[in-house]
1. Give me a count of the residues in the stretch 55-70 that are at pLDDT below 90 and over 30 Å from the mean Cα position of the chain (by Cα).
2. Among the residues of the stretch 35-49 satisfying the criterion of being farther than 13 Å from Leu82 by Cβ and charged (D, E, K, R), which is nearest to the chain's Cα centre (by Cα)?
3. Please verify whether Glu50 is in a loop (DSSP other than H, G, I, E, B), out of contact with any helix residue (DSSP H, G or I) (no Cβ under 7 Å at 6 or more places or on another chain) and farther than 16 Å from Leu173 by Cβ, treating the condition exactly as stated.
4. When you scan the stretch 5-50, how many residues do you find that are under 29 Å from Gln73 (Cα atoms), among the hydroxyl-bearing types (Ser, Thr, Tyr) and surrounded by fewer than 20 Cβ atoms within 10 Å (Cβ to Cβ)?
5. On the given criteria, is Leu94 at pLDDT below 95, under 17 Å from the mean Cα position of the chain (by Cα) and either over 30 Å from Leu19 (Cβ atoms) or not aromatic (Phe, Trp, Tyr) (or both)?
6. Looking at the stretch 19-42, I want the residues that are under 20 Å from Ser217 (Cβ atoms) and have a partner that is among the hydroxyl-bearing types (Ser, Thr, Tyr) with Cβ atoms under 8 Å, at least 6 apart or on another chain. Which pairs are those?
7. Quick check: anything in the stretch 95-105 free of Cβ contacts under 8 Å to residues at least 40 places away in the same chain, more than 22 Å from Leu288 (Cβ to Cβ) and basic (Lys, Arg)?
8. For the stretch 110-122, name all the residues that are surrounded by fewer than 17 Cβ atoms within 10 Å (Cβ to Cβ) and either hydroxyl-bearing (Ser, Thr, Tyr) or touching a residue at least 60 places away in the same chain (Cβ under 8 Å) (or both).
Amino acid sequence: MIGSENSLAIMKLLSVPGLGPVKVNSILDWGKKSGKTPAEMFRHPELLKERLTAEQIDTFQTYTDTVESELSQKQIKVLGVLDSEYPTQLTTGLKGKTPPILYCRGNTKLLSMPGVGFCGSRKASSKGIETATDCAEQFSHEGYTVISGYAAGVDSATHLAALASGGSTIIVLPEGILNFQLKQEFKDIWDWNRVVVVSQFEPKIPWSVHNAMTRNSVICGLSKVMILIEAGMKGGSIAAGRTCLEMGRPLFAPVYDGMPETASGNRLLLTQGAKPLMKSKNSGRAALPRILKAIESVELNDEQEASQIPLFR
């Protein structure tokens, strides 16, 4: 079994033309209030006559697809929003826009562990990659899961740093999970016990800019806090930062000597609610106390405040 009866029924609902995540969530809410589970709707599709057209009901009832066997062969789990394993931070953060289904490969327990999200440029400078790597290493040592996409640059650097440090990581895809392929640079340190690959999209959906933008909300939703590295004035990184702020998730962004002009989005977001990533006077590395305060609501003492430099240089 690749998922519960309810999760598979939700997957089948999403395959019906005209039913996107928001519409399916409304059907699930209606079913909950009416005492109808998705599995019951699939067994008795006439229950849906108030919500779907006759053609949609017929499509739902006659659903057949070989994708389930492919998912099973690759040990991919279908996690529905009604399942106990579904991460509650997504439902609280995204509400009606919560992905009704997550396709997961790896250790799904990581989805409910406290995590720190990362976003940033595919073409980050060496200083940007160094900063991302440093933060990911430190948070891994603190017991936090690293969460990011799967692009070159900042995304890959943070996953690699987490795994090399003995930590765990969540890769959130902007495409169907059956398109996932392990990159060469990960092969020597890959460990499925410390990784979960996640997609909210139908299993064979290809990459697209729209999917990448939509995916950002899941990265933000799973994260206790987000770190933004070298965002431009437009594109996915700054969009992820804005999504994070809209969701009320703390966002930290460094500004440092030599930061390329193409990374001016960091400075902009610092005027719109992001907080500066500080540097420790003692270690010369990214200072975590302010970020941990944002995550854990702890107070900093005077010594901790004094040990941090305003700009990450």
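1. 5
2. Filtering the stretch 35-49 for residues that are farther than 13 Å from Leu82 by Cβ and charged (D, E, K, R), the one nearest to the chain's Cα centre (by Cα) comes out as Arg43.
3. Yes; evaluated as a whole, the condition is true for this residue.
4. So the answer is 2.
5. Here the answer is yes, as Leu94 does meet what is asked.
6. Every condition considered, the pairs that remain are Pro21/Thr98; Asn25/Thr98.
7. Yes: the stretch 95-105 contains one or more residues that are free of Cβ contacts under 8 Å to residues at least 40 places away in the same chain, more than 22 Å from Leu288 (Cβ to Cβ) and basic (Lys, Arg).
8. Hits for the stretch 110-122 are Ser112, Pro114.
The values are calculated or read from the model by the stated rules, or taken from the named source; none is laboratory data. Everything numeric in this text was worked out from a predicted model, so none of it was measured. So basically every Cβ, Gly included, is an ideal-geometry build from the backbone, and we count neighbours across all protein chains shown.
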